[in-house]
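Heads up: the structure comes next, in structure tokens.
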2 protein chains.
Amino acid sequence: MLRTHTCGELRLTDLNKQVTLCGWVHKSRELGGMTFIDLRDRFGITQLAFNLDWDKNMCELARKVSREYVLQITGTVIERQSKNKNNPTGEIEIKVTGFKILNEAIIPPFTLEDETDGGDELRMKYRYLDLRRSVVRKNLELRHRLAIETRNYLDKKQFLEVETPVLIKSTPEGARDFVVPSRMNQGQFYALPQSPQTFKQLLMVGGFDRYYQIVKCFRDEDLRADRQPEFTQIDCEMSFVEQEDILNTFEGLMKYLFKSVKGIDVPDFPRMSYANAMKYYGNDKPDTRFEMKFVELNDVVKGKDFKVFNDAPLVVGICAKGAAEYTRKQLDELTEFVKRPQIGATGLVYARYNNDGTIKSSVDKFYTEEDLKKWAAAFDAKPGDLLLILAGDEEKTRKALSELRLEMGNRLGLRDKNTFSCLWVLDFPLLEWNEGDPNLPESMRGRWVAKHHPFTSPKPEDIEKLKSSPGEVRANAYDMVINGVEIGGGSIRIYNKNLQATMFEVLGFSKEEAQKQFGFLMNAFEFGAPPHGGIALGFDRLCSLFGGADSIRDFIAFPKNNSGRDMMIDSPSEISEEQLKELGVKLS
Amino acid sequence: MLRTHTCGELRLTDLNKQVTLCGWVHKSRELGGMTFIDLRDRFGITQLAFNLDWDKNMCELARKVSREYVLQITGTVIERQSKNKNNPTGEIEIKVTGFKILNEAIIPPFTLEDETDGGDELRMKYRYLDLRRSVVRKNLELRHRLAIETRNYLDKKQFLEVETPVLIKSTPEGARDFVVPSRMNQGQFYALPQSPQTFKQLLMVGGFDRYYQIVKCFRDEDLRADRQPEFTQIDCEMSFVEQEDILNTFEGLMKYLFKSVKGIDVPDFPRMSYANAMKYYGNDKPDTRFEMKFVELNDVVKGKDFKVFNDAPLVVGICAKGAAEYTRKQLDELTEFVKRPQIGATGLVYARYNNDGTIKSSVDKFYTEEDLKKWAAAFDAKPGDLLLILAGDEEKTRKALSELRLEMGNRLGLRDKNTFSCLWVLDFPLLEWNEGDPNLPESMRGRWVAKHHPFTSPKPEDIEKLKSSPGEVRANAYDMVINGVEIGGGSIRIYNKNLQATMFEVLGFSKEEAQKQFGFLMNAFEFGAPPHGGIALGFDRLCSLFGGADSIRDFIAFPKNNSGRDMMIDSPSEISEEQLKELGVKLS
């Protein structure tokens, strides 16, 4: 090794030791005849001391190096005069006796401090410099720790880690595939997996009993905020289980991770049906760090002269505790918020339950104070609370109110990143009607699609409705939701080939299509498939949740931007005519 | 859980317990009024007992199920009358009281025993059935164990596991890339990584100090025997190190794996220069489980009337201990062996050192017994030994003799799969002249190419020869060789941008090409790159070595065949016109 110690490990107990350190010049400063350099590596920062009196040449050399030079120094550990209690090595410094510049450095395009002046684009382009910032490095250290602990837990539970292939087969179900032209089988393509779904099911058919993998998956989507074309999943599957077993096993995993990585004891996860999540939160991934449940007001508000409420299929609101003193300006902001096109409400009705017991609303023209007291009672509101009410089409209104609820949660400081509220959402619908998501190929629009995926089993008692009322069939599917983020989801799978064939039929696959796309799975089911189910957890998202961040980008070493470009290596890029020719493809 | 126990855990100590088991019908047999079923899961096999006298209906039901049916049974643990000492559960059986068929099964196309009648193609097509065979499952369990222990070791040594991207940039260096057309950046392509080489170097520039990853890599090669288009590496990089540090760290890893996974204490790895490996074994990955070193005979054999030897630039041989009694037929076989086109020798000269002290050779016409005694002395041969000698062009003859040596090793039983001989091969040439490997794009032929890769550092004392005598420059590169298999290789990297630029120049890159392909790396080197180096170990090959197998295929859950096809999912396959159109490519 070019060093005897790292820059993070020397203490007062090492006084007088001869040491050699390597690292980057983080900062330097002159103080009279002295020069100090903060030498940085992954493990910490150690102060180097030079003195014109000790060694004039060396001190002058030290004054010439600038930030990010790479040094190898030798010296003696001495006690510092002015100690820095914030740095674990802050009680000592190195009296330098040997000094070597291992590499020079030009000035970085942004400052490599916890707070940086580099914008996103610049940081992405020079990601290798951004990675030197301790905040970014700590995020990736957290990721490493989470991966290790995840494997520890699953290994103890007898899960086998199995690598599934990356070059697989394109299927039209779900999102768009990335494809890879095959040179050896011209005119044919591999696809990159959106998930190892069919392989993990085949591993169960193969008797592997418990499988896991921390695995890259790929989705060629138009990238919305904070999506990446390649992302990582903790992917798991178990045989001879029921839903309850999966919930217990992975609730156990999450409790173990919170405890081992963050030292937090998380209580048992509450469970909520999809129907109740939509009813009380307008959202299948409710943020339960705060209450503020939806209250339906149709029975309370109708029958007066207020046409908006009378005509609306749904009038529904939330009670924001202690927000009665919101100013007119703040209320106008909320109205603007709900009227933004992406929220889509036509207006906002509010009622202030003042501390003096009076109630004033934005619709006093139509409702007496007595009427409003009934509203307050419906919300179980107390003096000092603010009622916020939306009206309109059922689905859209719930969705808009969900956004308003989250906005109020933010404004009232109810969404602390260091508080964690975990939840299972259960009993999802098996199917949803797809009008024509422009992200889907044309052939996939205007038909029933699997809400989870086509291998999810319906609840046994709902199977008979599969053909008659597909929309009413509930699935043995579950989502793990933490702080309003869907951390993972899964289902108990279909393991009967006839039921699987029916499912493909309902999804509009012809027998030939089903056989062509999923024949290998249906054939496998002929040979004795065990009951099985599983889950996939979004690992990037889990890391950012544990790191208390909103974005996943800084928990990925080399992320891509919203156009799917790696700004650092400048990819994707053109390839040679020769390569195209060998592959048997050309640009159109 | 649908079971209380697995099929591998019940013992005599569990007598009289009520249990529920799930699994596959492995075998069944009738014995008078009794029926026995071997129920199998991943964990073992437990015998189920039925008796017409206990429950006629159930016993008859049990007689109807055939192999690979999936059952859930309930019953009482009882002591077996005739115990099976070869099975850990062989002292007990289950007196079945509850019986449920979870799934039916048609007859598998091959027998699911350790020895199977399924050929390779059939096994690949029905891989999910092949995985039920305990030999295949055990291979994958071994792989899981090796991955866990690798991570344990590296984690303790403060390596950080970092995921590098899969969608990267195509570079012309090395083998052919798999490419992925970008829909969002039409006309441009991602490439799948042949290794995370540049990313791990950038992580070192980013101060990550120690990186590892067990990672999928991709190479679009014409598949020779036992290569896969996607394969897995243990990929590592360290900063502030010299070659010695890398050798110690990864020799340590391998010793740890042998100890923790196989219980074997492996001695310190001997080290051999590339030059000596070629001189004594004709091979840069010599199998050192046995000696049988090459002995050069030019000084001993020349100057007689034997034109073949006189004209040959090199006469070289091996001494096969105790093989003097080889029959004429066996010797003819060896001659045929070396004359095969892939070996390419023109003939084989042998000399038997008989037990009675006489020596008889195939060239007695030209050499007296006294001459032959000198040969024997050169080999340090003893009575009973057989000398095998080839002559011809230096490089070809060494290569042919290397093959003959391995063949003799096999014939003499010197290549035991349970013996492990580890070795470092050092001081590789930095560059090799490439005449025109048809696997390389045309532009890459007839020029100097990097033997390891273009980031490998030359030995400091050889740098001055980079431009004048590129072929003589040695690299700071090393291979880990076990039992004649290259398990891994790596190098100390160039970290100086000027040296890297020189290297690209020697490799025939114009400045523009170098900037276009590797600009991001050379730019990164402007900002203070630390001295660094690393290694990559072939994980599939390591697993097969530990498993005592020749092929890597059965250590990969879902391998591809020699045409790069996944026979099970029938991939690659055609994709829709719509997909092609969206991607902006068409078939040519």
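The values are calculated or read from the model by the stated rules, or taken from the named source; none is laboratory data. As the structure is a computational prediction, the values presented were derived from the model and not from experiment. Note: ideal-geometry Cβ built from the backbone for every residue, glycine included; neighbour counts use all protein chains shown. With ligands, DNA and RNA removed, areas are computed over all heavy atoms of the protein, side chains included. Shrake-Rupley method; radii C 1.70, N 1.55, O 1.52, S 1.80 Å.
Does at least one position in the stretch B:209-220 carry a residue that is part of a loop (DSSP other than H, G, I, E, B), surrounded by fewer than 20 Cβ atoms within 10 Å (Cβ to Cβ), at negative phi and out of contact with any helix residue (DSSP H, G or I) (no Cβ under 9 Å at 6 or more places or on another chain)? Scanning the stretch B:209-220 turns up no residue that is part of a loop (DSSP other than H, G, I, E, B), surrounded by fewer than 20 Cβ atoms within 10 Å (Cβ to Cβ), at negative phi and out of contact with any helix residue (DSSP H, G or I) (no Cβ under 9 Å at 6 or more places or on another chain). Residues in the stretch A:373-394 that are part of a helix (DSSP H, G or I) and either open to solvent by less than 60 Å² (accessible area, probe 1.4 Å) or in contact with a strand residue (DSSP E or B) (Cβ under 9 Å, 6 or more places away or on another chain) (or both): A:Lys373, A:Trp375, A:Ala376, A:Ala378, A:Phe379, A:Glu394. Only one entry of A:Arg3, A:Arg67, A:Arg29 meets the criterion of being within 44 Å of the chain's Cα centre (by Cα), part of a strand (DSSP E or B) and of a type in the set (D, E, K, R), and that entry is A:Arg29.
Listed here are the residues, each with its yes/no results for (1) within 17 Å of A:Pro429 (Cβ to Cβ); (2) part of a loop (DSSP other than H, G, I, E, B); (3) hydrophobic (A, V, I, L, M, F, W, C).
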site: A:Glu461; (1), (2), (3): yes, no, no
site: A:Leu466; (1), (2), (3): yes, no, yes
site: A:Tyr478; (1), (2), (3): yes, no, no
site: A:Ile487; (1), (2), (3): no, no, yes
site: A:Ser491; (1), (2), (3): yes, no, no
site: A:Tyr495; (1), (2), (3): no, yes, no
site: A:Asn498; (1), (2), (3): no, no, no
site: A:Ala501; (1), (2), (3): no, no, yes
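If you go through the stretch B:156-174 and keep only what is at the interface with another protein chain (Cβ under 7 Å from one of its Cβ atoms) and at pLDDT 95 or above, you end up with B:Leu160, B:Glu161, B:Val162, B:Glu163, B:Thr164, B:Pro165, B:Val166, B:Leu167, B:Ile168.
Could you go through the stretch B:361-372 and let me know if any residue there is assigned to a helix (DSSP H, G or I) and either in contact with a Gly (Cβ under 6 Å, 6 or more places away or on another chain) or without any contact (Cβ under 8 Å) to a residue 12 or more places away in the chain (or both). Scanning the stretch B:361-372 turns up at least one residue that is assigned to a helix (DSSP H, G or I) and either in contact with a Gly (Cβ under 6 Å, 6 or more places away or on another chain) or without any contact (Cβ under 8 Å) to a residue 12 or more places away in the chain (or both).
In the set (1) out of contact with any Cys (no Cβ under 8 Å at 6 or more places or on another chain); (2) more than 30 Å from A:Arg42 (Cα to Cα); (3) within 11 Å of chain A (Cβ to nearest Cβ), the condition left unmet by B:Gln72 is number (1).
Can A:Pro454 be described as surrounded by 17 or more Cβ atoms within 10 Å (Cβ to Cβ), farther than 30 Å from A:Val266 by Cβ and touching a residue at least 24 places away in the same chain (Cβ under 8 Å)? Give the steps one after another, and end with the answer.
Values: surrounded by 17 or more Cβ atoms within 10 Å (Cβ to Cβ): yes; farther than 30 Å from A:Val266 by Cβ: yes; touching a residue at least 24 places away in the same chain (Cβ under 8 Å): yes.
Answer is yes for this residue.
Any residue that is in contact with a helix residue (DSSP H, G or I) (Cβ under 8 Å, 6 or more places away or on another chain), away from chain A (no Cβ under 14 Å) and either open to solvent by 60 Å² or more (accessible area, probe 1.4 Å) or without any contact (Cβ under 8 Å) to a residue 60 or more places away in the chain (or both) - is there at least one of those in the stretch B:515-531? Reasoning before the result, please.
Narrowing the stretch B:515-531 to residues in contact with a helix residue (DSSP H, G or I) (Cβ under 8 Å, 6 or more places away or on another chain): B:515, B:518, B:520-522, B:524-530.
Next, from what is left, pick out any that are away from chain A (no Cβ under 14 Å): none.
There is no residue in the stretch B:515-531 that is in contact with a helix residue (DSSP H, G or I) (Cβ under 8 Å, 6 or more places away or on another chain), away from chain A (no Cβ under 14 Å) and either open to solvent by 60 Å² or more (accessible area, probe 1.4 Å) or without any contact (Cβ under 8 Å) to a residue 60 or more places away in the chain (or both).
Is it true that A:Arg40 is surrounded by 14 or more Cβ atoms within 10 Å (Cβ to Cβ) and within 39 Å of the chain's Cα centre (by Cα)? When the stated conditions are applied, A:Arg40 passes them. When A:Arg352 is tested against (1) among the basic types (Lys, Arg); (2) open to solvent by less than 100 Å² (accessible area, probe 1.4 Å); (3) part of a helix (DSSP H, G or I), exactly one condition is not met: (3). The residues on offer are B:Leu297, B:Leu314, B:Leu348, and the sole one that is closer than 17 Å to B:Gly392 by Cβ and touching an Asp or Glu at 6+ places or on another chain (Cβ under 8 Å) is B:Leu314.
Taking A:Arg133, is it within 9 Å of chain B (Cβ to nearest Cβ) and farther than 30 Å from A:Glu513 by Cβ? Spell out how you get there, then give the answer.
On the way: within 9 Å of chain B (Cβ to nearest Cβ): no; farther than 30 Å from A:Glu513 by Cβ: yes.
No.
In the stretch A:29-71, which residues are closer than 16 Å to A:Leu102 by Cβ and small (Gly, Ala, Ser)? Matches in the stretch A:29-71: A:Ala62, A:Ser66.
Within the stretch B:6-26, count every residue that is within 14 Å of chain A (Cβ to nearest Cβ) and either open to solvent by less than 60 Å² (accessible area, probe 1.4 Å) or in a strand (DSSP E or B) (or both).
Here is the first cut: in the stretch B:6-26, the residues within 14 Å of chain A (Cβ to nearest Cβ) are B:6-9, B:19-26.
Checking the rest, the ones that are also either open to solvent by less than 60 Å² (accessible area, probe 1.4 Å) or in a strand (DSSP E or B) (or both) come to B:6-8, B:19-26.
Count: 11.
Picking from A:Tyr153, A:Tyr128, which residue would you name as being open to solvent by less than 50 Å² (accessible area, probe 1.4 Å) and within 8 Å of chain B (Cβ to nearest Cβ)? Reasoning before the result, please.
On the way: A:Tyr153 fails: within 8 Å of chain B (Cβ to nearest Cβ).
A:Tyr128 is the lone residue from the list that is open to solvent by less than 50 Å² (accessible area, probe 1.4 Å) and within 8 Å of chain B (Cβ to nearest Cβ).
Residues in the stretch A:538-588 that are of a type in the set (Asp, Glu), more than 20 Å from B:Gly206 (Cα to Cα) and open to solvent by 40 Å² or more (accessible area, probe 1.4 Å): A:Asp550, A:Glu574, A:Glu577, A:Glu578, A:Glu582. Each residue in the stretch B:221-248 was checked for being within 10 Å of chain A (Cβ to nearest Cβ) and either of a type in the set (Val, Ile, Thr) or part of a helix (DSSP H, G or I) (or both), and 5 pass.
Scanning the stretch B:419-450 for residues that are modelled with pLDDT under 85 and in a loop (DSSP other than H, G, I, E, B) yields B:Glu435, B:Gly436, B:Asp437, B:Pro438, B:Asn439, B:Leu440, B:Pro441, B:Arg445, B:Gly446. Residue-level analysis places B:Pro181 among those that are under 16 Å from A:Ser576 (Cβ atoms) and of a type outside the set (Val, Ile, Thr). Against the definition (within 30 Å of B:Arg42 (Cβ to Cβ) and open to solvent by 30 Å² or more (accessible area, probe 1.4 Å)), how does A:Gln188 come out, yes or no? When the stated conditions are applied, A:Gln188 does not pass them. Within the stretch B:535-588, being touching a Phe, Trp or Tyr at 6+ places or on another chain (Cβ under 8 Å), away from every other protein chain (no Cβ under 12 Å) and assigned to a strand (DSSP E or B) holds for B:Ile535, B:Leu537, B:Gly538.
Take B:Ser82 and tell me if it is more than 14 Å from chain A (Cβ to nearest Cβ) and open to solvent by 20 Å² or more (accessible area, probe 1.4 Å). Against the criterion (more than 14 Å from chain A (Cβ to nearest Cβ) and open to solvent by 20 Å² or more (accessible area, probe 1.4 Å)), B:Ser82 qualifies.
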